[in-house]
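This report refers to the structure that appears directly beneath it.
What follows draws every value from the coordinates through simple rules; no lab data is involved. Predicted model, so just to flag it, every value in this text is computed and none were measured. Here the Cβ is made from the backbone with ideal geometry for all residues, glycine too, and neighbour counts use every protein chain on show.
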Amino acid sequence: MKLKTRVVILAFCTFVAFKSQANDISGIWSSNDYQCPSGTFHNERFRIEKIGTVFVAVKLSGDSCVPTGAVTFFWDTNSNICRFVLGTLTVPASTLSSQCTINVIDSQNIAVDGISFTKENSLPAATAEAGTVSSDLDIHMPSLDYKTLLGTENIWIDLKYTRLNAEGKHSWELKNFGVNQ
């Protein structure tokens, strides 16, 4: 009896891993479930882009806690690590993050820590090139649109993975950057 139970559990784990890798959640998503501060709901939009095995969500319309242009969460499908960026009214989009769980419901719906997101059907073309994440979690992004008060510049950046601290929070530092010509 124990052998059968182990076989069933192994088959279930394999199916979940295969399903996660098969789902590409890249695109524009929206939700009415964001709260900032707690109890005040906002309609939020963000773009999810895949860089290697990592999906990165950047806000297209933000709030006072995590503003437009900030990373709101990332999910490494290889290690199944999901991190939500935290912010408050006094410290928006801080360096703090919390572990999260992501549930790919279907091609049009996902949930991150219980917050429901719906994929928008008309996606504008992405202008940035795909980046890379090395085995030591360093990140290279060859093309990003950097919005300033004077306009938009196309830049590249290299981020060096620094550590996983005692609370299980990941951090990177800016290693190098430049303007693409």
> Under 14 Å Cα-Cα from residue 160, which aspartates and glutamates qualify once same-chain neighbours fewer than 8 residues away are excluded?
Replying inline: 136, 138, 173
>> On a 25 Å Cα-Cα criterion, which of the cross-link pairs 50/119; 50/175; 119/175 come out too long?
In response: 119/175
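Shape verdict for the stretch 20-149, please, from the Cα gyration tensor: rounded (a/c under 1.5), prolate (a/b greater than b/c) or oblate.
rounded
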> About the Cα centre of the stretch 23-123, what is the dipole size in debye to 20, counting +1 per Lys and Arg Cβ and -1 per Asp and Glu Cβ, all else neutral?
Replying inline: 160
>> Please list, ordered by chain and number, the residues whose modelled amide H lies under 5 Å from the amide H of residue 120; skip anything fewer than 5 residues away on the same chain.
In response: 28, 29, 30
